[in-house]
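**Q** Could you have a look at this structure, given as structure tokens, before my questions?
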Amino acid sequence: MPILAVNRRAGFDYEILDKYEAGIVLFGHEVKAVKSGQISLKGSYVTLKKTKKLLPEVNLTNAHISLYKYASNVKDYDTDRPRRLLLKKKEITRLVGKKAEQGLTLVPLKIYTKRSLIKLEFALARGKKKYDKRETIKKRETDRKIKNEIKKRIKVV
């Protein structure tokens, strides 16, 4: 399961509540570009788009996939176009219900390959306040100091 792209800011900016896995509908040249690492999840998000069908359509919006350099005859390619996500009906209805709660959003975490398929892991998340981020930084620093002290004491003994 090689990881192709990671959204590093997601863990810092959001409190992760639930994680989901979905397939992505891509063009052939996009698959090759993603597998060669030409994708960025920075600033991307997952949207629920209402359709004429019973269930809404789930899309990955603002994910930047560069044009594969060996692709030929690709005209008017939009690198930031919305890409459809493949989920089961139960998962979509659960997402619709959870998304209705105030303050929750869907954030992509990482893109990876599973067998020969490209999967997206996204999360139902709540935005952190500034003081929450400060607490996270403070906790990380104290944990680092404790680990360093333990290492020093083990070396001395």
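The values are calculated or read from the model by the stated rules, or taken from the named source; none is laboratory data. Values in this document were obtained by computation on a predicted structure and should not be read as measured data. Note that we place each Cβ from the backbone using ideal geometry, even for glycine, and neighbour counts take in every protein chain shown.
Rundown of residues vs (1) assigned to a helix (DSSP H, G or I); (2) at pLDDT below 90; (3) touching a His at 6+ places or on another chain (Cβ under 6 Å); (4) surrounded by fewer than 17 Cβ atoms within 10 Å (Cβ to Cβ), yes/no style:
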| position | (1), (2), (3), (4) |
| --- | --- |
| PHE12 | yes, yes, no, yes |
| LEU54 | no, yes, no, yes |
| LEU60 | no, no, no, no |
| SER72 | no, yes, no, yes |
| ARG84 | no, no, no, yes |
| GLY97 | yes, yes, no, yes |
| GLN102 | no, yes, no, yes |
| VAL107 | no, no, no, no |
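**Q** Give the residue, chosen from TYR112, TYR68, that is touching an Asp or Glu at 6+ places or on another chain (Cβ under 8 Å), surrounded by 14 or more Cβ atoms within 10 Å (Cβ to Cβ) and in a loop (DSSP other than H, G, I, E, B).
**A** Being touching an Asp or Glu at 6+ places or on another chain (Cβ under 8 Å), surrounded by 14 or more Cβ atoms within 10 Å (Cβ to Cβ) and in a loop (DSSP other than H, G, I, E, B) holds for just one of TYR112, TYR68, which is TYR68.
**Q** Of the conditions (1) more than 30 Å from ASP132 (Cα to Cα); (2) of a type in the set (Lys, Arg); (3) exposed (fewer than 15 other Cβ atoms within 10 Å of the Cβ), ARG8 clears all except one; give me its number.
**A** Here ARG8 meets the rest and fails (1).
**Q** Just to be sure, is ILE118 out of contact with any Gly (no Cβ under 9 Å at 6 or more places or on another chain) and crowded, with 16+ Cβ neighbours inside 10 Å?
**A** Numbers: out of contact with any Gly (no Cβ under 9 Å at 6 or more places or on another chain): no; crowded, with 16+ Cβ neighbours inside 10 Å: yes.
Answer is no for this residue.
**Q** I'm trying to understand the selection: among the residues of the range 14-29, which are surrounded by 18 or more Cβ atoms within 10 Å (Cβ to Cβ) and in contact with a Leu (Cβ under 9 Å, 6 or more places away or on another chain)?
**A** Within the range 14-29, TYR20, ALA22, ILE24, HIS29 meet the criteria.
**Q** For the list (1) farther than 14 Å from TYR20 by Cα; (2) touching a residue at least 24 places away in the same chain (Cβ under 8 Å); (3) not in a loop (DSSP other than H, G, I, E, B), I need the number of the one condition that ILE92 fails.
**A** Evaluating ILE92 over (1) farther than 14 Å from TYR20 by Cα; (2) touching a residue at least 24 places away in the same chain (Cβ under 8 Å); (3) not in a loop (DSSP other than H, G, I, E, B) leaves (1) as the failure.
**Q** Regarding ASP132, is this residue surrounded by 10 or more Cβ atoms within 10 Å (Cβ to Cβ), at pLDDT below 90, at negative phi and out of contact with any strand residue (DSSP E or B) (no Cβ under 7 Å at 6 or more places or on another chain)?
**A** Criteria met by ASP132.
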